[in-house]
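Peer 1: Take this structure first; my questions come after.
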Amino acid sequence: MSKVATRDAYGQALVELGGQYSDIIVLDADLSKSTKTAKFKETYPERFFSAGIAEANMMGVAAGLAAAGKVPFASTFAIFAAGRAFEQIRNSICYPDLNVKIAATHAGVTVGADGGSHQSIEDIALMRAVPNMTVLVPADGVSTAHLIKLAYQFAGPVYIRLGRTKVDTVYQKDDFFAIGEAKMVRDGKDATIIACGLMVQEALQAARELSLSGITTRVLDMATVKPLDIGAVLRAAKETKAIVTAEEHSIIGGLGSAVTSLLAEHHPVPVQMVGVRDRFGQSGDPAELLREYGLTADDIIAAVKKVISRK
Amino acid sequence: MSCRYTELADQALAMRRHIITMIGEAGSGHPGGSLSSADIVTALYFELMNIRPKNPNWPERDRFVLSKGHAAPVLYAALAMRGFFPLTKLKTLRKLGSPLQGHPDMQKLTGVEMSTGSLGQGFSAAVGMALAGQVDQQSYYTYAIIGDGELQEGQVWEAAMFAAHHKLRNLIVFLDFNGLQIDGQVECVMNVQPLPDKWQAFGWAVQQIDGHDLRAICGAVSQAKQEEQPSMIVAHTVKGKGVSFMENQAGWHGSAPSSEQVVHALKELEGR
Ligand SMILES: Cc1ncc(C[n+]2csc(CCOP(=O)(O)OP(=O)(O)O)c2C)c(N)n1
Ligand SMILES: [Mg+2]
């Protein structure tokens, strides 16, 4: 199975889209080699602008570009995009509903050795809370390429959360994707694992291992965290009667929160959340950190067993 | 050079050796900006700052904020060399569970006055520390180092205005003017010049020095202590200073040397 970092797929997708659509403008804040917008910069230097280390201004400039008819993609690390420039995103991009695409890389603890100051575990919560914002968290390189194109075609603000490390390729090139639609990547009847981003690979591994002990699980890739695919979540709750959520993010305000609030209102079933439990990240290598923060296939397996016991 | 400066120069060399060794060991980190700040940090920790490593929270101590937090190795080397923690800890840099996080973390390591890493924010915190000293009529000084790329953050200029407005004469800041950031030359990425003029216009006392001249660094601080305003010392530096293959190379901003490169670098940094 090939492994690709979603940030690399983003950089590649931008270059391809740039050739087709001349209204795309790319902005970056001194991290173009890391966010992979450098490829676009090499190919279309006249449509790439460095904002310098000034994320708040970058978001404001993106708003202006969008107001003047361009489709800006603004990139930096997730912590500086959703965090540093939060209020500019809220008031200059989402409030006026401007067509800005924010592609934020290095999300979650798999940033690794740079440590907790650079590991964004709150960005889904922040971006999800703002009206008009669409939040995408792709699981692999193939879906990233599709979702970047769909984000371009979509009218309105979109936040795309991307990772630093390589992840398993889950999809085939010509699989169908749509914003707002969960993808069932495996079916089962004992519980459903709803995951996004890198946790989809962990969920699939957990599902494979569980099946060896006779437990079958459905796995939903919730690449669109907002708007949530309500139908897919409610069907999973009704048909499998137990849900595990899995995200490389705080359990406060992220995918788990989105799923649990929906279920609490419409169809309460037992839920276990796999995610960061109200702690900051720290330095370490990505695999170690996934273990330290309870974000591995083994943690999902434990959560599935627990949730089934609560049925 | 008087013997005092000879001794400081030796400390600076030793600091550079620690920087290279620990980043090599960690396999990731930021050598370029650590090496460019090494002489300033040496002067601060071995000559200028009034600190008590055995009593690190002594209320009257001078404060230091490394606003360009990615240069953490230079701070860790200084703290270890001054006895805040054993030198052997340096090899835990960036490892799981280490107090030596990728960027300085005041909750994990004694001697770190402010957690930094998100550019622009440490400078504001330094302003706050100086303000507290002024409010309490304390005699301590607050020192900080900021990067030239870091100046692009709007927050820096908000803090600049605040410090001058409140006449924080107890605030002495070094600008590590090495001309480089990640994506290349500061001039090409987002020009920040004219520099002395900008700080003057914001109401700061400005000096320009060679940031690798220990005597000039110490002299600039004595001069700054005479001023009635906050001081910006524009220190002209070389990113990667002391390791020939790293000097003035943007590529060495955030990559670790291989074990062979560590050997080469250490050879260049041998003491006399
Ligand atoms: C708010 C923020 N944006 C982006 C980064 C990523 N980053 C780390 S170092 C760096 C370049 C810093 O350049 P400069 O201030 O000139 O530092 P130096 O050359 O002294 O290393 C960037 C963009 C960051 N740490 N914080
Ligand atoms: Mg610089």
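Peer 1: Would the stretch A:11-26 turn up any residue that is in a loop (DSSP other than H, G, I, E, B), within 16 Å of ligand 2 (Cβ to nearest atom) and acidic (Asp, Glu)?
Peer 2: No, that holds for no residue.
Peer 1: B:VAL65 fails exactly one of the following numbered conditions: (1) closer than 29 Å to B:ARG215 by Cα; (2) open to solvent by 20 Å² or more (accessible area, probe 1.4 Å); (3) among the β-branched types (Val, Ile, Thr). What is the number of that condition?
Peer 2: (2)
Peer 1: OK, next. If I ask for residues that are within 13 Å of chain B (Cβ to nearest Cβ) and free of Cβ contacts under 8 Å to residues at least 24 places away in the same chain, which ones from the stretch A:31-46 would you list?
Peer 2: Hits for the stretch A:31-46 are A:LYS33, A:LYS41, A:GLU42, A:PRO45.
Peer 1: Considering (1) away from chain B (no Cβ under 14 Å); (2) farther than 21 Å from A:ASN57 by Cβ; (3) out of contact with any strand residue (DSSP E or B) (no Cβ under 8 Å at 6 or more places or on another chain); (4) not in a helix (DSSP H, G or I), say which one A:ASP114 fails and leave the rest.
Peer 2: In the conditions (1) away from chain B (no Cβ under 14 Å); (2) farther than 21 Å from A:ASN57 by Cβ; (3) out of contact with any strand residue (DSSP E or B) (no Cβ under 8 Å at 6 or more places or on another chain); (4) not in a helix (DSSP H, G or I), A:ASP114 misses (1) alone.
Peer 1: A follow-up question, please. Whether any residue in the stretch B:122-130 is in contact with a helix residue (DSSP H, G or I) (Cβ under 8 Å, 6 or more places away or on another chain), within 12 Å of chain A (Cβ to nearest Cβ) and within 16 Å of ligand 2 (Cβ to nearest atom) is what I want to check.
Peer 2: Yes; the residues of the stretch B:122-130 include at least one that is in contact with a helix residue (DSSP H, G or I) (Cβ under 8 Å, 6 or more places away or on another chain), within 12 Å of chain A (Cβ to nearest Cβ) and within 16 Å of ligand 2 (Cβ to nearest atom).
The rows are residues; the columns are (1) part of a strand (DSSP E or B); (2) open to solvent by 10 Å² or more (accessible area, probe 1.4 Å).
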residue: A:SER143; (1), (2): no, no
residue: A:ALA155; (1), (2): no, yes
residue: A:GLY163; (1), (2): no, yes
residue: A:PHE177; (1), (2): no, yes
residue: A:GLU202; (1), (2): no, yes
residue: A:VAL219; (1), (2): yes, no
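Peer 1: When you check A:GLY52 against the structure, is it within 14 Å of chain B (Cβ to nearest Cβ), over 20 Å from A:THR144 (Cβ atoms), open to solvent by less than 10 Å² (accessible area, probe 1.4 Å) and in contact with a Ser or Thr (Cβ under 6 Å, 6 or more places away or on another chain), yes or no?
Peer 2: It is false that A:GLY52 is within 14 Å of chain B (Cβ to nearest Cβ), over 20 Å from A:THR144 (Cβ atoms), open to solvent by less than 10 Å² (accessible area, probe 1.4 Å) and in contact with a Ser or Thr (Cβ under 6 Å, 6 or more places away or on another chain).
Peer 1: Taking the stretch B:170-206 on its own, how many of its residues are within 23 Å of B:ASN50 (Cβ to Cβ) and either surrounded by fewer than 20 Cβ atoms within 10 Å (Cβ to Cβ) or hydrophobic (A, V, I, L, M, F, W, C) (or both)?
Peer 2: 7
Peer 1: Has the stretch A:291-298 got any residue that is open to solvent by 90 Å² or more (accessible area, probe 1.4 Å) and either assigned by TED's automatic domain parsing to the domain that holds A:THR217 or among the aliphatic types (A, V, I, L, M) (or both)?
Peer 2: Yes - at least one qualifying residue is present in the stretch A:291-298.
Peer 1: Collect the residues in the stretch B:173-208 that are within 16 Å of ligand 1 (Cβ to nearest atom), aliphatic (A, V, I, L, M) and either free of Cβ contacts under 8 Å to residues at least 60 places away in the same chain or farther than 22 Å from B:MET246 by Cα (or both), keeping them in residue-number order.
Peer 2: Scanning the stretch B:173-208 gives B:VAL173, B:VAL186, B:VAL189, B:MET190, B:VAL192, B:LEU195.
Peer 1: Taking A:ASP123, is it at pLDDT 95 or above and farther than 22 Å from A:LEU17 by Cβ?
Peer 2: Yes; evaluated as a whole, the condition is true for this residue.
The values are calculated or read from the model by the stated rules, or taken from the named source; none is laboratory data. These figures come from a predicted structure and were not determined experimentally. Note that we place each Cβ from the backbone using ideal geometry, even for glycine, and neighbour counts take in every protein chain shown. What goes into the accessible areas is simple: the full protein's heavy atoms, side chains included, and nothing from ligands, DNA or RNA. Shrake-Rupley method; radii C 1.70, N 1.55, O 1.52, S 1.80 Å.
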